[in-house]
Amino acid sequence: MSLRSDRSEGQAIVEFALIITFLLIIVLGIFEFGRLWMTMNVLTGAAREGARIAAVTEPDPGLVLDAVETVLEAANISDATVTTQGPNSDNEVTVTVEIEYTVLTGNFVPGLIPTLELSRSAVMHWEG
C-alpha cells in the first residue's frame, strides 16, 4: 500500500510542474495587460490636459508641455515626446503624447516584444 501512495505523490508533483508554467504565464499576462492599460489611460489624460491648455492659449507649446508632464510625473512616466499641432482650418488643436513602453514580463516570457511605442492624441476646439 505504501508503494501506491508514493506513486500518487509523484504523479501530483508532475501534474503541478506541468500546470504551474501555464498559470504563471496567465498571471504575468494579466499583470502586464493591467500595466499597459493604466499607461494608456495616463497618456490619454495627459494628451487631454495638453489639448485643453492648447485650446485656450495661442497655443503655447511650453504651457502644453508643462501640463502634459505634470500628469505624466504623477504616474511616474518619463521621456515622453509631446507634439502640438494647430489650430487648423477647423480651429482644432491636436496634442500627441508618445512614449516607449518597456514590457516588464518580456524577460520571463520568450518571444515577447521588450518595448512598445505608445501614442495617444487629443483634439479640442481652439477658443482663440
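The values are calculated or read from the model by the stated rules, or taken from the named source; none is laboratory data. Quick caveat: nothing in here was measured; it's all calculated off a predicted structure. Note: ideal-geometry Cβ built from the backbone for every residue, glycine included; neighbour counts use all protein chains shown.
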If I ask for residues that are in contact with a Phe, Trp or Tyr (Cβ under 7 Å, 6 or more places away or on another chain), at negative phi and of a type in the set (Gly, Ala, Ser), which ones from the range 49-99 would you list? 55
If you go through 18, 28, the only one that is in contact with a helix residue (DSSP H, G or I) (Cβ under 7 Å, 6 or more places away or on another chain) and either assigned to a helix (DSSP H, G or I) or more than 30 Å from residue 114 (Cβ to Cβ) (or both) is 28
Could you tell me whether residue 34 is small (Gly, Ala, Ser), within 21 Å of residue 105 (Cα to Cα) and either at pLDDT 90 or above or in contact with an Asp or Glu (Cβ under 9 Å, 6 or more places away or on another chain) (or both)? yes
